[in-house]
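K.L.:
Quick one: this structure, given as structure tokens, is what I'll be asking you about.
The values are calculated or read from the model by the stated rules, or taken from the named source; none is laboratory data. Quick caveat: nothing in here was measured; it's all calculated off a predicted structure. For neighbour counting, all protein chains shown are included, and Cβ atoms are generated from backbone atoms with ideal geometry for every residue, glycine included.
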Amino acid sequence: MGQFTRRQLLLGGGALLGATYMPILMRGVSAAEIARPQYMIRADKNENPYGPSRVALQAISEAMDLTNKYGVGRRRELVKLVADINNVPADHVILSSGSGEILKTGGLIASWDKGSIVCADPTYHDLVRYAGHAGSEIIRVPVDEHMAGDLDAMRKAIRADTAMVYLVNPNNPTPTIFNHDELRDFVLEVSKERMVFVDEAYFEYVEDPRYGTLIDLVAEGHRNIIVSRTASKIHGLAGLRVGFGFAHPDHIQRIRQLKTGANNVLGIEAAYASYQDMDFQDFSRRKNRESMAIVEAMFEELGVRYVKSPTNFTFFETGIPVEELNAELREHGIASGRPFPPFTTWSRISMAKPEEMRFYVQTFKKLFANRIMDSAT
């Protein structure tokens, strides 16, 4: 499970800041100023700040003269490539217009089965929001004291009419993971009588040995399991909308009949190139770690509670209403994550480039360090 940091536990939840922190804070504020960028820093969307890789951009350029034609591009080749990467038969994979299309189709399937959906709270909203609009009852199970999904509580929340259990791993906005063995056992048990949908949008960023995909269960032929992935995150293709669903061929066929989007040739060609570009993925993970270290150093310095993140975003407690915090940051050229009730004083920030995160830290400490310190005393 995801955990708070050792420092937070030692500080009793980050509630107190002693006088020893004052010189550190003052030095941080009075250090050489980092110039404000001439653009808005997008620390709110969980995007890859470096965009697509060079090979993906080259593929996009070469595909431009195909955009006047229907049905062109490496659709089948892309599906086979992603299937081979994940060691699953190609007929267990479907290409979609971003993973959002798979999520919404999953929500539609659950609502057509006229049952409730169990999920963590808070979690990513596309599937449950879509299913809720379609008439499903959403049973929201609060995350545990470590901000992680509580499998035991979710198991107890399942009812006879529960048609689907929705799991986001890593979760969003709380960047926590499930222990792979515990999650595997849970999914095998629960999927005997209902669908289990696992959203793995941030899979490529995770380097924690406790984490693992559940696509292997799909490859083994287990029914009632759907896994989604996306090219929007580490591959930097959010604007081109490329996603994937992994499931038993019967469910793949059902999803194909229900989904309404279509992939464009530029996204297909870019993804086909990017999924083979391991150097860019390694680069993105390395720069993400660098940015994360910058903001985590600030958390430690200020003594605030935060969730140790294996993703490209983090979640920390400010003691300040998020709407107020975001408004002040925006005035200084920084967009930060929206509120995620019930954690209305917790902020989710996405990792921009390291130099941008240094400006974020400088700005955050100027605006809020004294308020945080005053509220802790």
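K.L.:
So, K233, is that one basic (K, R) and not in a helix (DSSP H, G or I) or not? Before the answer, list the steps.
P.N.:
Numbers: basic (K, R): yes; not in a helix (DSSP H, G or I): yes.
Spelling it out, K233 is indeed basic (K, R) and not in a helix (DSSP H, G or I).
K.L.:
Can you go through Y21, Y50 and tell me which one is surrounded by 13 or more Cβ atoms within 10 Å (Cβ to Cβ) and modelled with pLDDT of 85 or more? Before you say what the answer is, go through the steps one by one.
P.N.:
Values: Y21 fails: modelled with pLDDT of 85 or more.
Y50 is the lone residue from the list that is surrounded by 13 or more Cβ atoms within 10 Å (Cβ to Cβ) and modelled with pLDDT of 85 or more.
K.L.:
Only one residue in M147, M164 is buried (at least 18 other Cβ atoms within 10 Å of the Cβ) and either hydroxyl-bearing (S, T, Y) or closer than 29 Å to A90 by Cβ (or both), so which one is that? So that I can check it myself, show each step before the final result.
P.N.:
On the way: M147 fails: either hydroxyl-bearing (S, T, Y) or closer than 29 Å to A90 by Cβ (or both).
After ruling out the rest, the residue left standing is M164.
K.L.:
So I41 passes all but one of these: (1) outside the structural domain of H251 (by TED's automatic domain parsing); (2) modelled with pLDDT under 95; (3) farther than 30 Å from L167 by Cβ. Which condition number does it fail?
P.N.:
Looking at each condition in turn, I41 falls short on (2).
K.L.:
State whether one or more residues within the stretch 70-80 are of a type outside the set (D, E, K, R), closer than 27 Å to E220 by Cα and buried (at least 18 other Cβ atoms within 10 Å of the Cβ). Before you say what the answer is, go through the steps one by one.
P.N.:
At the first step, the residues of the stretch 70-80 found to be of a type outside the set (D, E, K, R) are 70-73, 78-79.
Subset that is closer than 27 Å to E220 by Cα: 78-79.
Still in the running and buried (at least 18 other Cβ atoms within 10 Å of the Cβ): 78-79.
For the stretch 70-80, residues of a type outside the set (D, E, K, R), closer than 27 Å to E220 by Cα and buried (at least 18 other Cβ atoms within 10 Å of the Cβ): present.
K.L.:
Among the residues in the stretch 333-346, are any touching a Lys or Arg at 6+ places or on another chain (Cβ under 9 Å), of a type outside the set (G, A, S), at pLDDT 95 or above and surrounded by fewer than 18 Cβ atoms within 10 Å (Cβ to Cβ)?
P.N.:
Yes, because at least one residue in the stretch 333-346 is touching a Lys or Arg at 6+ places or on another chain (Cβ under 9 Å), of a type outside the set (G, A, S), at pLDDT 95 or above and surrounded by fewer than 18 Cβ atoms within 10 Å (Cβ to Cβ).
K.L.:
Looking only at the stretch 203-230, filter to residues that are over 20 Å from I94 (Cβ atoms) and not aliphatic (A, V, I, L, M); which one of those is surrounded by the most Cβ atoms within 10 Å (Cβ to Cβ)? Give the steps one after another, and end with the answer.
P.N.:
Going residue by residue through the stretch 203-230, those that are over 20 Å from I94 (Cβ atoms) are 205-212.
Still in the list and also not aliphatic (A, V, I, L, M): 205, 207-212.
Values: Y205: 25, E207: 9, D208: 14, P209: 7, R210: 15, Y211: 19, G212: 19.
Residue satisfying both the conditions and the ranking: Y205.
K.L.:
Check Y166, Y70 and return the single one that is closer than 27 Å to Q253 by Cβ and in contact with a strand residue (DSSP E or B) (Cβ under 8 Å, 6 or more places away or on another chain). So that I can check it myself, show each step before the final result.
P.N.:
Details: Y70 fails: in contact with a strand residue (DSSP E or B) (Cβ under 8 Å, 6 or more places away or on another chain).
When all the criteria are applied, what remains is Y166.
K.L.:
I would also like to ask the following. Considering the stretch 81-93 alone, what residues qualify as being of a type in the set (A, V, I, L, M, F, W, C), surrounded by 15 or more Cβ atoms within 10 Å (Cβ to Cβ) and either outside the structural domain of V165 (by TED's automatic domain parsing) or in contact (Cβ under 8 Å) with a residue 24 or more places away in the chain (or both)?
P.N.:
Residues satisfying the conditions are L81, V82, V88, V93.
K.L.:
Then there's this: Could you check, for the stretch 94-108, whether at least one of its residues is over 16 Å from Q253 (Cα atoms), outside the structural domain of F315 (by TED's automatic domain parsing), modelled with pLDDT under 95 and among the polar types (S, T, N, Q)?
P.N.:
no
K.L.:
With respect to E182, is the statement that it is assigned to a loop (DSSP other than H, G, I, E, B) and either surrounded by fewer than 21 Cβ atoms within 10 Å (Cβ to Cβ) or not assigned by TED's automatic domain parsing to the domain that holds L266 (or both) true?
P.N.:
Values: assigned to a loop (DSSP other than H, G, I, E, B): no; either surrounded by fewer than 21 Cβ atoms within 10 Å (Cβ to Cβ) or not assigned by TED's automatic domain parsing to the domain that holds L266 (or both): yes.
Criteria not met by E182.
K.L.:
Quickly run through the stretch 344-377 and pick out the residues that are acidic (D, E) and in contact (Cβ under 8 Å) with a residue 60 or more places away in the chain.
P.N.:
As a first pass, look at the stretch 344-377 and keep what is acidic (D, E): 355-356, 374.
Correct list: E355, E356.
K.L.:
For the stretch 231-271, name all the residues that are touching a residue at least 60 places away in the same chain (Cβ under 8 Å) and among the acidic types (D, E).
P.N.:
E269
K.L.:
What pairs can you find where one residue is in the stretch 130-145 and within 28 Å of E317 (Cβ to Cβ), the other is acidic (D, E), and their Cβ atoms are less than 7 Å apart, with a gap of 6+ or different chains?
P.N.:
Cβ pairs passing all conditions: R140/D121; V141/D121; V141/D150; P142/D121; V143/D121; V143/D150; D144/D150.
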